[in-house]
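Working notes, structure below.
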Amino acid sequence: MKKHNFSAGPSILPESVMKKASEAVIDFNGMGLSLIEISHRSKEFIAVMERAQDLALELTGLKSKGYKALFLQGGASMQFLMTAYNLLETKAGYINTGAWSSKAIKEAMLFGEVIEVASSKDRNFNFIPKGYEIPSDLNYLHITTNNTIFGTQFQEIPETKVPLIADMSSDIFSRSIDYSKFDLFYAGAQKNMGPSGTTLIIVKEDLLGKVSRTIPSMMNYQVQLKSDSMFNTPPVFPIYTSMLTLEWLEENGGINQIEKHNKTKAELIYNEIDRNSAFEGFAAKEDRSNMNATFNLVNGVDGSLFDSLWNQADISGLKGHRSVGGYRASIYNALPQESVELLVDVMKKFEQTL
Ligand SMILES: *Cc1c(COP(=O)(O)O)cnc(C)c1O
């Protein structure tokens, strides 16, 4: 039986996507060949790549607006350095909202001056900083829109005059924000789009080609764009599966529709965290993530019975990250509402045993 998968990543994908993806591994489009044994330059795979890029731009409302989509390898972690490599000439600003932002900062420091425009480190990243000033001489400002580990999310996108860059690994395609506020954003596929192995980058083309350093081909967005994400062999299976997820999203009403669904799920879990005397939320209420709900046991409550209850209920992946402890319910696009309802029931049952 399929478990209720609350894993933070790699994470749940729609069942129909899993089915189609596994069928394509056996026989792709009735070709008598597997998706993973055909040339990436075959017309069949080029069509997949084009469709995936097209859907990514379409869903974010960025088609014909000067943006391009890339599917590369190396994960979001490679984008930490690739963004700086391609865009940091003198000085860049970062808002430090967690472990992933901190890693992005560390990589960027290899390429130029980096300033922390704001940080929530002093409170173990349980909130999103507000009311800071953004210097006007930055090459760009980098933010992490959703902090997967700590369960915080930018509810408002900062207004900037400098280019805005974002790591959207754990909330891309989950809510209807104005994506055109960003000049570049990226996401590892494995949270809300596909298996690990590919990273989506959406970039405004006129942002590029402005730094004076020489950039190695594989690290160079312009080279990658010129070869249409096929400078070398692309990760065909993750890209195909991502395409299927984006098709699923489009067929189900796109981002507007999934956002409603995600809000309902988030309300269910947060209402229970706030109501239930055994638990308390980790993140500041106004900054709570609609993708990763983090919560801890109230002081003095023993959680071992809770752990066995959710395990018995076929719930998987609820353990919090070691830097936060407690629990984390990742409620990505593909997680059904029934799974959240079940978790809420288990939390109620646990409270009754106290
Ligand atoms: C998971 C995650 C990453 C790391 O992604 P990789 O693809 O493993 O490099 C980076 N940023 C955020 C916000 C994440 O959730």
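Closer than 17 Å to Leu184 by Cα and more than 16 Å from the ligand (Cβ to nearest atom): does that describe Glu89?
Criteria met by Glu89.
Mind checking whether some residue in segment 78-89 is more than 23 Å from Val211 (Cα to Cα) and in contact (Cβ under 8 Å) with a residue 24 or more places away in the chain?
Of all residues in segment 78-89, those more than 23 Å from Val211 (Cα to Cα) come to none.
So far as segment 78-89 goes, no, none of its residues is more than 23 Å from Val211 (Cα to Cα) and in contact (Cβ under 8 Å) with a residue 24 or more places away in the chain.
Out of all the residues in segment 282-323, which are buried (at least 17 other Cβ atoms within 10 Å of the Cβ), assigned to a strand (DSSP E or B) and of a type in the set (S, T, N, Q)?
Asn292, Thr294, Asn296
Quick one: Pro10 ticks every box in (1) away from the ligand (no atom under 16 Å from the Cβ); (2) surrounded by fewer than 19 Cβ atoms within 10 Å (Cβ to Cβ); (3) not assigned by TED's automatic domain parsing to the domain that holds Tyr240 except a single one, so which number is it?
Against the list (1) away from the ligand (no atom under 16 Å from the Cβ); (2) surrounded by fewer than 19 Cβ atoms within 10 Å (Cβ to Cβ); (3) not assigned by TED's automatic domain parsing to the domain that holds Tyr240, Pro10 comes up short only on (1).
Does Phe150 count as outside any helix (DSSP H, G or I), touching a Phe, Trp or Tyr at 6+ places or on another chain (Cβ under 7 Å), under 27 Å from Arg328 (Cβ atoms) and among the hydrophobic types (A, V, I, L, M, F, W, C)?
It is true that Phe150 is outside any helix (DSSP H, G or I), touching a Phe, Trp or Tyr at 6+ places or on another chain (Cβ under 7 Å), under 27 Å from Arg328 (Cβ atoms) and among the hydrophobic types (A, V, I, L, M, F, W, C).
Tyr179 versus (1) farther than 22 Å from Pro235 by Cβ; (2) near the ligand (Cβ under 10 Å from one of its atoms); (3) of a type in the set (Phe, Trp, Tyr): which is the lone unmet condition?
For Tyr179, the exception is condition (2).
Can you work out which of the residues in segment 324-341 that are small (Gly, Ala, Ser) and not in a strand (DSSP E or B) is surrounded by the fewest Cβ atoms within 10 Å (Cβ to Cβ)? Write out each step before concluding.
Taking segment 324-341 as the starting set, the residues that turn out to be small (Gly, Ala, Ser) are 325-326, 329-330, 334, 339.
If we keep only those that are not in a strand (DSSP E or B) too, we end up with 325-326, 334, 339.
On the way: Gly325: 13, Gly326: 17, Ala334: 21, Ser339: 22.
Within segment 324-341, the match that is surrounded by the fewest Cβ atoms within 10 Å (Cβ to Cβ) is Gly325.
Here is a list of conditions, (1) surrounded by 22 or more Cβ atoms within 10 Å (Cβ to Cβ); (2) under 28 Å from Tyr240 (Cα atoms); (3) not small (Gly, Ala, Ser), and Ile177 meets all of them except one; can you say which number that is?
Looking at each condition in turn, Ile177 falls short on (1).
Can you find a residue in segment 183-202 that is aromatic (Phe, Trp, Tyr), over 23 Å from Ala266 (Cα atoms), in contact with a strand residue (DSSP E or B) (Cβ under 6 Å, 6 or more places away or on another chain) and surrounded by 17 or more Cβ atoms within 10 Å (Cβ to Cβ)?
yes
Among the residues of segment 307-352, how many are within 17 Å of Asp274 (Cβ to Cβ) and touching a Phe, Trp or Tyr at 6+ places or on another chain (Cβ under 8 Å)?
Summing the residues that are within 17 Å of Asp274 (Cβ to Cβ) and touching a Phe, Trp or Tyr at 6+ places or on another chain (Cβ under 8 Å) in segment 307-352 gives 9.
Please work out if Leu208 is more than 30 Å from Glu89 (Cβ to Cβ), hydrophobic (A, V, I, L, M, F, W, C) and assigned by TED's automatic domain parsing to the domain that holds Gly131.
Judged against the criteria, Leu208 is not a match.
Being at pLDDT 95 or above, within 16 Å of the ligand (Cβ to nearest atom) and within 18 Å of the chain's Cα centre (by Cα) narrows it down to one of Ser174, Ser120, so name that one. Steps first, please.
Details: Ser120 fails: within 18 Å of the chain's Cα centre (by Cα).
Unique residue meeting the criteria: Ser174.
Hey, can you tell me all the residues within segment 115-133 that are surrounded by 18 or more Cβ atoms within 10 Å (Cβ to Cβ) and outside any loop (DSSP other than H, G, I, E, B)?
Val117, Ala118, Ser119
Hand me the list of helices (runs of 4 or more DSSP H) wholly inside segment 190-280 holding 1 or more residues that are within 16 Å of the ligand (Cβ to nearest atom) and either among the β-branched types (Val, Ile, Thr) or in contact with a helix residue (DSSP H, G or I) (Cβ under 9 Å, 6 or more places away or on another chain) (or both).
236-251
The values are calculated or read from the model by the stated rules, or taken from the named source; none is laboratory data. All values reported here derive from a predicted model rather than from experimental measurement. Note that we place each Cβ from the backbone using ideal geometry, even for glycine, and neighbour counts take in every protein chain shown.
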